[in-house]
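Only the coordinates and a few stated rules stand behind these numbers; no lab work does. Just so you know, these numbers come straight off a predicted model, no measurement behind them. Positions of Cβ are generated from backbone atoms using ideal geometry, with glycine treated the same way; all protein chains shown enter the neighbour counts.
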Amino acid sequence: MLLQIVVAYALFANHVLADRSENILVLALPTFSHTRNLMDVVGHVTQTYGYSATVVTSTTIASSLKLQSNSAIHIIISSALDKADVKDAETRLAKEICHLKGAGKKPSLSEKWDVVKTCDNFHNDTLLLTLLKRKQFRLAIIDNVPLAECFSSFAYKLSLPYIFFGVLYDPVRMRVPFSPASTPFYFRYALSDRMSFFERMHNVLTSVVMELAPSYLVSLTNVAKYTPNKSPVTSTQLMSNASFHLVETDFLLDYPKPSLPHVAFVGGISTTPPNTLTDMFQTFIDSSQYGAVVVSFGSGLNGFPEERIGIFVQAFKQRLDLNFIVKHGSSGYVEDNIMFSPWIPQNDLLGHPKTVAFMTHCGNNGQFEALYHGVPMIGFPLFSDQYYNCERMRQKGYGVVLDFCSCSIDDIKNALTNVTSQHIYINNIKNASQIFHSRTESPLQRASYWIDHIIRYGNKFIHSYSADMPWYQYYLLDILMVVAIFVFLAGYIVTVIFNKWLCLLYHMNNNGISSKTKSN
């Protein structure tokens, strides 16, 4: 009897281990910050829960993040993603950013990077498709901006359930019931949760247009072309059909957002305690009189016009009590109280006790690192979600916002004075940082738990019928139509009765007048 129990347990354990070792397919956007967070999650999932993963990415990202295949993670280089040089597109956009703003245009990375062509190349890579079909994947994890629809249609082609991971929160396509009166959802607009009448009108109309308009990336025709043997689906259905959404945001930095069980907020994955600085950075910070300011505008900084960089340098040199560490140039050097370096240990610098401010383009990771270490910010939005990110930072009272292309030397000096001396900014972000650190579960643990949950149990227990609703039911248009018809009919009946009563009253009055005339 005991032997039978041992054998049965061994068979069960083998079955569990075999089941849990199934592959996860990871489709990673070829940009550093997105892929770094995603790889942190993949690494934690494989180590904690025993899964293996196959990651499809580009040569540049694999080299930058030092990704190598091992027993748990297999790296595959996609020729289509190799051709999509996103870093070059960011640099070219940076060169024209002030010209575009001066012409009243909103800079967009998609104008410098042919996203549709990249998607076509990705789907037409028959070698990659054949290679992936040989593996028995149970789940795909998809980086959700801006190739989300392309990657999800690829997962649909492989008949895989998939999870979206990234910064995008789109309640319309996630099918989360929300009120456009208090929930700004389209990240390209700098709206807060306290909107004016016209901003609320704009938010409502945009939500309807986003629902009805065809996708600029993967239209219904494209999905049918990519998946000829599948039932045609729309881009909205590709989003709403996801098993789960891991959204890199948090109410400490963002506005409170409505949610459903198939959505988890995991903002702050890139945050870690600071490591010891190298002698070069440590010596430079220690030499500051009042403190240090970290300056980083992302990987595209080298493409910005030199005259704009010169404005910042002049402002910095008028604050000799501060030392500035600037991510800029192709080689490192020190000029007065400014250190220029092509690479900086941003998280470690923000975690240094003498760091008093962070000048940033308001990338999501940078903002969360500043929140984690309690450092007030000066935001300079450049494109994409950075306008929204800067506005939420300003609304939370964590810092101030300036325009990169029009700010003057005095503007920069005043902003530095405000965030380094006014206690409202310092206290606000220090309090938020304490709340972030007080939590018992890290964003990385939360994301890993839900990935394991979906692999083991699917989304049966967390799936909301709202994801399956037709758009007119989701917006209650069928109900509103019935109410409108009822109100119309009620108004029509009241109008007819009122007109009849007026006619009757008129005839009675006329008859009364006629009788008087006859008697007279």
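Worth a mention:
- Here Lys66 is the anchor, and the lysines within straight C-alpha reach of less than 18 Å, apart from those fewer than 8 places off in the same chain, are Lys87.
- Within-12-Å neighbourhood charge of Asp193 [Cβ basis; K, R +1; D, E -1]: +2
- Point-to-point label distance, Glu96-Tyr492, nm (Cα→Cβ direction, 7 Å offset): 5.5 nm
- Partner aspartates and glutamates for Lys460 [C-alpha distance under 15 Å; skip if fewer than 8 residues away on the same chain]: Asp452, Asp468
- Sorting 488-498, 51-61, 368-378, 120-130 by their mean Cβ neighbour count within 10 Å, with the most densely packed peptide first, gives 368-378, 51-61, 120-130, 488-498.
- Shape box of the stretch 375-520 [Cα atoms, principal axes, largest first, Å]: 98, 57, 30
- Expressed as a whole percent, the proportion of Cα-Cα pairs in the chain lying more than 37 Å apart is 39%.
- Projected label points at Thr276 and Leu158, each 7 Å from Cα along the beta carbon direction, are separated by 4.3 nanometres.
- A cut-off of 5 Å between modelled amide H atoms, ignoring neighbours fewer than 5 places along the same chain, links Ala84 with no other residue.
- Inter-label distance, nm, simple model (7 Å from Cα along the C-beta direction), Phe198/Glu335: 4.2 nm
- Per-residue [θ]222 nm for the chain (sum of -39500 (n - 2.57) over DSSP H runs n ≥ 4, rounded to 500): -15500 deg cm²/dmol
- Cα-based reach from Lys430 at 17 Å (exclusive), listing lysines while leaving out same-chain residues under 8 positions away: Lys354, Lys396
- For the stretch 248-253, putting each phi into the Karplus relation 6.51 cos²θ - 1.76 cosθ + 1.60 with θ = phi - 60° gives couplings of 7, 8, 7, 5, 5, 10 Hz, in residue order, rounded to whole numbers and with x for Gly and Pro.
- Summing charges over neighbours of Gln346, with a neighbour being any other residue whose Cβ is under 14 Å away from its Cβ, gives 0 when K and R count +1 and D and E count -1.
- Counting only cysteine Cβ atoms and a cutoff under 4.7 Å, the chain contains unmatched residues Cys407, Cys503.
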